[in-house]
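For reference, the structure discussed in these notes is given below.
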Amino acid sequence: MDHLIDDLIKLAFAEDIGDGDHTTLCCIPSTAMGRSQLIIKEDGVLAGVEMAKRIFHHFDPELKVNVFIEDGAEVKKGDIALTVEGKVQSLLQTERLMLNVMQRMSGIATTTRKYAKALEGTNTRVLDTRKTTPGMRMIEKEAVKIGGGVNHRIGLFDMILLKDNHVDFAGGIEQAITRAQNYLKEKGKDLKIEIEVRNFDELEQAMKVGGIDRIMLDNFNIEDTKEAVKRIGGKYETESSGGITFDTLREYAECGVDYISVGALTHSVKSLDMSLKAF
């Protein structure tokens, strides 16, 4: 999937620079050399250092990056995460893309760390979802891992997840699961199967059919989640999803589920404030 990140960087530069950064080109000589430092302006978890290096080197392999704080570290306002030196034209043209990526990734990592810490002492892990910025999924999911979360699936290709619409269009729980099993056998694919259930009736149907790896309990309340986990009895992995907030996260974890999926890790996160300044 490495090529997707290369494609993202190329597209981002094409979008930002177009036929040239005329502001920089008109006032900065091509021979001018300089250096900049990445200043953290808000407490949080740093993510995107490796992506920053990749962005700098993609644009100008001669840029020299000196990293002081690595991905996953907790940072405070005023910290210097890295410095970069080389042609001033290159520093100015890479600045915004690097900041956009690092701020976004650090915001995701910071939020994820908050959720992961709230789950400490339980056997529950926080999962991300496919609710990501189009084109940026790989780096956003990497930020979740840096923050201490777990990637659910990268896309539609690396896991079978039978959700409510699949079940309804297929004609029911049994039909959806059976078709998934037959499809994998016919195609010779080894993918995990997860089934979403909306009530105890669907849960019982899923367990009766079997041959699945994980059951997602969709919009179950706390009491129903406890009962569902009890009925499943460890036979399948369990995941809670839907309507779970940070305030109710711990309660759901204490029901005994293996995972809690949280779309908010990526779909509505606040970026971490930072800036790149000449020095």
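The values are calculated or read from the model by the stated rules, or taken from the named source; none is laboratory data. As the structure is a prediction and not an experimental result, all values here were calculated from the model. Here the Cβ is made from the backbone with ideal geometry for all residues, glycine too, and neighbour counts use every protein chain on show. Please note that ligands, DNA and RNA were not included when accessible areas were found on the heavy atoms of the full protein model with its side chains. Shrake-Rupley method; radii C 1.70, N 1.55, O 1.52, S 1.80 Å.
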Of these, 179, 231, 214, 250, which one is touching a strand residue (DSSP E or B) at 6+ places or on another chain (Cβ under 7 Å), more than 30 Å from residue 92 (Cα to Cα) and among the charged types (D, E, K, R)?
-> 214
Of the residues in region 11-30 that are within 16 Å of residue 59 (Cα to Cα) and among the β-branched types (Val, Ile, Thr), the one that is nearest to the chain's Cα centre (by Cα) is 17
Just wondering, is there one or more residues in region 167-178 that are open to solvent by 30 Å² or more (accessible area, probe 1.4 Å), farther than 19 Å from residue 258 by Cα, at pLDDT 95 or above and not in a helix (DSSP H, G or I)?
-> yes
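Taking the conditions exactly as written (polar (S, T, N, Q), surrounded by fewer than 20 Cβ atoms within 10 Å (Cβ to Cβ) and part of a helix (DSSP H, G or I)), does residue 23 satisfy them or not?
Working: polar (S, T, N, Q): yes; surrounded by fewer than 20 Cβ atoms within 10 Å (Cβ to Cβ): yes; part of a helix (DSSP H, G or I): yes.
Spelling it out, residue 23 is indeed polar (S, T, N, Q), surrounded by fewer than 20 Cβ atoms within 10 Å (Cβ to Cβ) and part of a helix (DSSP H, G or I).
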Residue in region 7-18 that is open to solvent by 90 Å² or more (accessible area, probe 1.4 Å), among the hydrophobic types (A, V, I, L, M, F, W, C) and in contact (Cβ under 8 Å) with a residue 24 or more places away in the chain present | yes
Residue list for region 117-160, filter: open to solvent by 20 Å² or more (accessible area, probe 1.4 Å) and in contact with a strand residue (DSSP E or B) (Cβ under 6 Å, 6 or more places away or on another chain) | 125, 129, 150, 152, 160
Qualifying residues in region 93-116 (those that are of a type in the set (Ser, Thr, Tyr) and open to solvent by 10 Å² or more (accessible area, probe 1.4 Å)) - the one nearest to residue 266 (Cα to Cα) = 111
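Could you tell me which residue of region 219-261 is farthest from the chain's Cα centre (by Cα), considering only residues that are open to solvent by 50 Å² or more (accessible area, probe 1.4 Å) and at positive phi?
Taking region 219-261 first, the residues open to solvent by 50 Å² or more (accessible area, probe 1.4 Å) are 219, 221, 223-224, 226-227, 230-231, 233-235, 237, 243, 245-247, 250-251, 254, 258.
Add one more test, that the residue is at positive phi, and what stays is 219, 233-234, 243.
On the way: 219: 22, 233: 30, 234: 27, 243: 19 Å.
Within region 219-261, the match that is farthest from the chain's Cα centre (by Cα) is 233.
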Scan 13, 56 and give me the residue that is touching a Phe, Trp or Tyr at 6+ places or on another chain (Cβ under 8 Å) and closer than 19 Å to residue 104 by Cβ.
-> 13
Do we find that residue 90 is of a type in the set (Ser, Thr, Tyr), out of contact with any Phe, Trp or Tyr (no Cβ under 7 Å at 6 or more places or on another chain) and open to solvent by less than 20 Å² (accessible area, probe 1.4 Å) in this structure?
-> no
